[in-house]
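Below is one structure, written out as structure tokens; the observations come after it.
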Amino acid sequence: MNEERLPAAYTARIREMLGQEADAFLESYNARRTQGLRFNTLKSASASGQDAAEHAISSFGLTPVPWCPSGYYYEEPARPGRHAFHAAGLYYIQEPSAMSAAELLAPLPGESVLDLAAAPGGKTTHIAALMKGQGLLVSNEIHPERAKILAENVERLGIPHAIVTCAAPGDLSRRFPAVFDRIMLDAPCSGEGMFRKDPAAIDEWSPGHVEMCAARQWDILQDAYLMLKPGGSLAYSTCTFNRTENEETILRFLDSYPDMELIAERRLWPHLEQGEGHFVALLRKAVSEEAVQSRSKRGGGRGKNASRPLSAVRDAYQQFMSWAAAELPGFTGQGVPLLFGESLYLLPEAFSASLHTGLLEGLKVPRAGLHVAHLKKNRIEPAHALAMALTPEQAAHSYDLAADSLDIQAWLRGESLAVPPGLHGWTLVTVQGLPVSWGKASAGQLKNHLPKGLRIQKALADEQ
Ligand code: SAM
């Protein structure tokens, strides 16, 4: 890209910040952008997932990202986003520098974690994998359309312990004070690290935009602070280079909240590393008496269930569990049942252990935990999200398709398949052992239950 394409005020700031290094930095705009994927260890750690990951590494020519053990680079003409393994949630396409943030936050299984600005889900899916799907993950996105995409990605990757909310940070902080062990704030920013990937971002840039972003980041950070437990950790990240939105925002935060300590600050630069660039700061909140006291005042009374009346929820859960006893012999059904309309969810048990479901009342919750079923009059229709969170061993019937077969392409386009006549009823359809959707078998036909919005229009082979 020609340097002239960049705003003069931007290059002047870069020269001031980087001095002699600025030429190398600006020269990096002429290099090709880096592309990466991160394996979803919720899937790739299983035996069939490992085989599939090896298949992907060799067929896409993947090479490792140094700062993320599950991250890999790929180069065109490889199109991993168009492969059946993508539909199976084996990996998430993610810019490699962005993989540094969740690695630094290092969430653990069993913790309560909030991803405050989560769509489309790069950091959330990484956090969920590091938590091994255990504990509680609240993934929040303020914009409804983006929250929908976030929920789809959470489902595609088979994440069992996430709640997707769609709220302003202030609305969440009123409900969840001092609740989370770890918080990710991947803040909306001026996106200077996006210029190579998305030249339209250049046109949005101005010194005024940087100031506006910094003011918004400051507001969101204060809500993040309120929701962090004493002793908890906060990762603040951006994909922009200026100090105003990065180091200076962190300094202001540390000045205003003396109980916050800076643990680490990392920058990835496109002229020094293979990546588009990222900033991450890790901070920890002190365990203070005062903070512990204010937390205990939060009030832990059991509220009204945010979903339908308890008797209806109990009946729905029992109906689902008797269906599951026959169809999913390996599924334990752990979680707190919630019923919204005809959709039954299992809220992670970690939520009800420390919070009450009444806290979800009045909140937009596109996904209240694992969506397990639709209740249709007197029958159960298993939810797509449930398929994606299962293994074939848990299902009474499964049907496997080879990754490079014509059948998997037809299936992902929404077509039915001819199957052996002995196969009957709800069937978990897998690609090399990894679920892609439900099918329903009858009289030698497998009817396709892949949700219409997820079907692929073109033959995969055309795109490879
Ligand atoms: N963490 C995401 C990922 O890794 O895929 C990317 C998040 S993106 C950098 C920042 C997000 O913040 C956007 O989805 C945007 O919609 C959201 N956002 C915008 N304004 C916001 C606000 N005032 N409060 C909270 N989030 C906001």
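The values are calculated or read from the model by the stated rules, or taken from the named source; none is laboratory data. Just so it is clear, the structure is predicted and the values come from calculations on it, not from any experiment. For neighbour counting, all protein chains shown are included, and Cβ atoms are generated from backbone atoms with ideal geometry for every residue, glycine included.
Just one of the numbered conditions (1) away from the ligand (no atom under 13 Å from the Cβ); (2) touching a Pro at 6+ places or on another chain (Cβ under 7 Å); (3) not basic (K, R) is not true of G231; which one?
For G231, the failing item is (2).
Could you run through the stretch 237-258 and say how many residues are surrounded by fewer than 20 Cβ atoms within 10 Å (Cβ to Cβ), in contact with a Phe, Trp or Tyr (Cβ under 9 Å, 6 or more places away or on another chain) and among the acidic types (D, E)?
1
What are the residue pairs meeting all of these: first residue in the stretch 222-235, first residue closer than 11 Å to R174 by Cα and without any contact (Cβ under 8 Å) to a residue 60 or more places away in the chain, second residue of a type in the set (S, T, Y) and not in a strand (DSSP E or B), Cβ atoms under 8 Å, and 6 or more apart or on different chains?
L226/S173
Could you name every one of the strands (runs of 3 or more DSSP E) located completely within the stretch 158-258 that has at least 3 residues being closer than 24 Å to P144 by Cβ?
Details: elements: 162-166, 180-186, 228-238.
Correct list: 162-166, 180-186.
Any idea which of A147, A151 is within 12 Å of the ligand (Cβ to nearest atom), modelled with pLDDT of 95 or more, of a type in the set (A, V, I, L, M) and closer than 16 Å to A368 by Cα?
Numbers: A151 fails: within 12 Å of the ligand (Cβ to nearest atom).
The conditions single out A147.
Before we move on, is G191 over 19 Å from P169 (Cβ atoms), of a type in the set (G, A, S) and within 21 Å of the chain's Cα centre (by Cα)? Talk me through it step by step, then tell me what you get.
Details: over 19 Å from P169 (Cβ atoms): yes; of a type in the set (G, A, S): yes; within 21 Å of the chain's Cα centre (by Cα): yes.
Yes; evaluated as a whole, the condition is true for this residue.
Which of the residues spanning the stretch 106-130 are more than 9 Å from the ligand (Cβ to nearest atom) and surrounded by 23 or more Cβ atoms within 10 Å (Cβ to Cβ)? Lay out the reasoning, then the answer.
Going through the stretch 106-130, the residues more than 9 Å from the ligand (Cβ to nearest atom) turn out to be 106-114, 127-130.
Within the stretch 106-130, P107, S112, V113, L114, I127, A128, A129 meet the criteria.
Among (1) within 15 Å of the ligand (Cβ to nearest atom); (2) among the polar types (S, T, N, Q); (3) within 30 Å of Q334 (Cβ to Cβ), where does S190 come up short?
(3)
From the list A410, A395, A316, A403, exactly one residue is surrounded by fewer than 18 Cβ atoms within 10 Å (Cβ to Cβ) and over 22 Å from the mean Cα position of the chain (by Cα). Which is it?
Values: A395 fails: surrounded by fewer than 18 Cβ atoms within 10 Å (Cβ to Cβ); A316 fails: surrounded by fewer than 18 Cβ atoms within 10 Å (Cβ to Cβ); A403 fails: surrounded by fewer than 18 Cβ atoms within 10 Å (Cβ to Cβ).
Only one candidate passes the filter, namely A410.
For L234, all conditions in the list (1) over 25 Å from the mean Cα position of the chain (by Cα); (2) buried (at least 23 other Cβ atoms within 10 Å of the Cβ) hold save one; what is the number of the exception?
Failing condition for L234: (1).
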